[in-house]
Amino acid sequence: MPRYAQLVMGPAGSGKSTYCSTMVQHAESLNRSVQVVNLDPAAEYFNYPVMADIRELIQVDDVMEDDTLRFGPNGGLVFCMEYFANNFDWLEESLGHVEDDYILFDCPGQIELYTHLPVMRQLVEQLQQWEFRVCGVFLVDSQFMVESFKFISGVMAALSAMVTLEIPQVNIMTKMDLLGPKAKKEIEKYLDPDMYSMMEDNSESFRGKKFKKLNKAICGLIDDYSMVRFLPFDRTDEEGVNIVLQNIDFSIQYGEDLEVKEPKEVDEEQPNLNYDDIFQDKVSS
């Protein structure tokens, strides 16, 4: 049977660890087993158990303190991820060989990992060799997507990851529970956006003449081909969390390979009963 994986991606502070924690709790309520693997070598804290932690292999702090390397935070993280890509045997040993695994990979927030560096693509290919069906889950903070030009930036980041990894991808607006009623109503137009309408946005920074043709081309690409859509994620809404999980399960065909239980065959033929005789006996008695 295949195994299943979510690559939980998104900018720093977009709520990746909170998403993983919420999904683990929701899966427990459904009697499903979901495990988490931490792939952020700079992570400091998360409130859920992990089956594997990249910090056991390498940590950003150790790289930054190495006098021969002299990396800063970003360079140190990229070095850690490249080191990880050269040591996938560590991950294979940590994951084991259990069939029907469902694993969330909590990934780092550096955007360059999903644009021009090959590390995440190499990870996807390796997981597929291990018979994982992989779905990308790209998170964007809903509080960030309040203006059209910021929304376009988030869409392009999600699109970049989609094109680079070439796997099914579900895009999610997180932290919906932190928005007020007015903000929630305002952000609904960004969940399934009409990009051409956004060209009429009142924001001068979006309507600037210098980049008008570029903005129009980007909006046309997104709108004409329905490239990017977002699902809302409110961690306090069980039904909403379940809708997100169902969309992801559908993209990786989770559950389609479960064995169908056949009805039990009757080994012995039932004797032919004469119900008239039985009825007569009961009446006589």
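The values are calculated or read from the model by the stated rules, or taken from the named source; none is laboratory data. Keep in mind the model is a prediction, meaning the values are calculated, not measured. Positions of Cβ are generated from backbone atoms using ideal geometry, with glycine treated the same way; all protein chains shown enter the neighbour counts. SASA here: full protein model, heavy atoms, side chains in, ligands and nucleic acids out. Shrake-Rupley method; radii C 1.70, N 1.55, O 1.52, S 1.80 Å.
Accessible surface of the chain, 1.4 Å probe: 49 percent of it comes from carbon and sulfur atoms.
What fraction of the Cα pairs in segment 80-222, stated in percent, has a spacing above 22 angstrom? Cα-Cα pairs of segment 80-222 separated by over 22 Å account for 51 percent.
Between 0 and 90 degrees, the angle of helix 212-224 with respect to the longest Cα principal axis of the chain falls at about 10 degrees. Compared with the dominant principal axis of the Cα atoms in the chain, helix 119-129 is inclined by about 20°.
What label, among (i) 25.5, 103; (ii) 21.9, 67; (iii) 19.8, 68, belongs to Rg and Dmax of the Cα atoms in Å computed from the structure on display? Of the labelled values, this structure produces (i).
Summing Cβ point charges (Lys, Arg +1; Asp, Glu -1) relative to the Cα centre of the chain gives a dipole of roughly 2160 debye. Per residue, the Cα convex hull of segment 37-155 amounts to 137 Å³. The residues of the chain present an accessible area of 58 Å² per residue when probed at 1.4 Å with all protein chains retained.
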